[in-house]
Amino acid sequence: MKTRISELLNIKYPIIQGGMAWVAEHHLAAGVSNGGGLGIIAAGSAPVEVVREEIRKAKTLTDKPFGVNIMLLSPYASEIADLVVEEKVSVVTTGAGNPEKYIPMWKEAGIKVIPVVASVALAKRMEKHGADAVVAEGCEAGGHIGELTTMALIPQIVDAINIPVIAAGGIGDGRGLAAVFMLGAEAGQIGTRFVVSHESIVHPNYKKRLIDSRDIDSTVTGRSTGHPVRSIRNQMTRQYTRLEQEGKSFEELELLTLGSLRKAVVEGDINNGSVMAGQIAGLVSKEQSCKEIISEIIEEAEKLLKID
Ligand SMILES: Cc1cc2nc3c(=O)[nH]c(=O)nc-3n(C[C@H](O)[C@H](O)[C@H](O)COP(=O)(O)O)c2cc1C
């Protein structure tokens, strides 16, 4: 399955592992890259020295390319923008904003730049500012989301720009990957299914909760604040929704979510923590290695797309 994305990123299969704060550290990133996809370390809101350490550890586990996802709302975003240049990271993806001020510096360093977008307007703007590709993410995805579904978003972005498009949001197996190829995407970015991989360091409670989830178990909180997040419904999301309905301020709501992803990922508190996951969690039924996940998805997609 050769596409402009697999050529651009020098990877065997057009599968990217989504940057996931707290989840996507060196074990997961190296596992995906060794399995033939592109692994990504998520910087989240971590300080620069923590991210540097993650990059260096990943380099000891894989000689394949991997990327770093920079969350632009992080207080350390600009330091991490410099760090990826110093550490000669191959690929940068960005979330939660517009990375255009950093693009010239990254391009000069030979880094491939792939912003995550949820609208045609931002995709066009990123192309104009020199991005190599975009990740177009539909609102089925886990974590921070936009408005449009993957099904509606991908073909509109594909028609609007000339650089290649990576689809994200709701891809859980080979059918999902084949479907986004039919919509014009040239790779799939997967988050939720990789959370439940052997290499993923999330607490066993988190993995079990995802394996046990049904189709309707995820919910979106934070629409009233302009920062919607998809996670598995639990005590925390119910309380959040109640406070949202009472018209509480962004600051008050933030108090509830501060540190909540860490609480679920590290401590395994799946009732009071934020169990971020996409709608496709209902399809994820077992824990496998990254290599198995990738091979299974590619094999199924190739069969459906009739690629020999
Ligand atoms: C637990 C979790 C944390 C995430 N954190 C980030 C993040 O820090 N930065 C980012 O750009 N996307 C983040 N995402 C989105 C993923 O990178 C990816 O685009 C998304 O999971 C794809 O959709 P899927 O969950 O349906 O596979 C996160 C997703 C999950 C499930």
Considering every residue within the range 223-237, establish whether at least one is of a type in the set (D, E, K, R), surrounded by fewer than 22 Cβ atoms within 10 Å (Cβ to Cβ), without any contact (Cβ under 8 Å) to a residue 24 or more places away in the chain and touching a strand residue (DSSP E or B) at 6+ places or on another chain (Cβ under 8 Å). yes
I'd like to check something: does the range 183-193 contain any residue that is assigned to a helix (DSSP H, G or I) and under 26 Å from residue 292 (Cα atoms)? yes
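I'd like to check something: does the range 289-302 contain any residue that is among the hydroxyl-bearing types (Ser, Thr, Tyr), at pLDDT 95 or above, within 15 Å of the ligand (Cβ to nearest atom) and within 19 Å of the chain's Cα centre (by Cα)?
no
Specify which of the listed residues (163, 171) is more than 15 Å from residue 1 (Cα to Cα) and crowded, with 24+ Cβ neighbours inside 10 Å. First the steps, then the outcome.
Values: 163 fails: crowded, with 24+ Cβ neighbours inside 10 Å.
Checking each option against the conditions leaves just 171.
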Give, as residue ranges, the helices (runs of 4 or more DSSP H) completely inside the range 77-159 that count at least 2 residues that are touching a residue at least 24 places away in the same chain (Cβ under 8 Å) and within 15 Å of the ligand (Cβ to nearest atom). 77-86, 120-128
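Tally the residues that are modelled with pLDDT of 95 or more and part of a loop (DSSP other than H, G, I, E, B), restricting the search to the range 1-43. So that I can check it myself, show each step before the final result.
Our first condition is that a residue be modelled with pLDDT of 95 or more; within the range 1-43, this holds for 3-43.
When the remaining residues are screened for being part of a loop (DSSP other than H, G, I, E, B), the result is 3, 10-14, 18-25, 35-37, 43.
Residues that pass the stated criteria total 18.
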At positive phi, surrounded by 20 or more Cβ atoms within 10 Å (Cβ to Cβ) and among the small types (Gly, Ala, Ser) - does that describe any residue in the range 142-158? yes
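Could you please let me know if residue 199 is part of a loop (DSSP other than H, G, I, E, B), of a type outside the set (Val, Ile, Thr) and farther than 30 Å from residue 306 by Cα?
On the way: part of a loop (DSSP other than H, G, I, E, B): yes; of a type outside the set (Val, Ile, Thr): yes; farther than 30 Å from residue 306 by Cα: yes.
Judged against the criteria, residue 199 is a match.
Based on what the data block shows, is residue 130 surrounded by 15 or more Cβ atoms within 10 Å (Cβ to Cβ), at positive phi and not aliphatic (A, V, I, L, M)?
Numbers: surrounded by 15 or more Cβ atoms within 10 Å (Cβ to Cβ): no; at positive phi: yes; not aliphatic (A, V, I, L, M): yes.
Here the answer is no, as residue 130 does not meet what is asked.
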Against the conditions (1) closer than 17 Å to residue 204 by Cα; (2) in a strand (DSSP E or B), where does residue 230 fall short? Just the number, please. (1)
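The values are calculated or read from the model by the stated rules, or taken from the named source; none is laboratory data. From a predicted model like this one, the values you see are computed outputs, not experimental measurements. Heads up, the Cβs are rebuilt from the backbone with ideal geometry, glycines too, and the neighbour counts pull from every protein chain shown.
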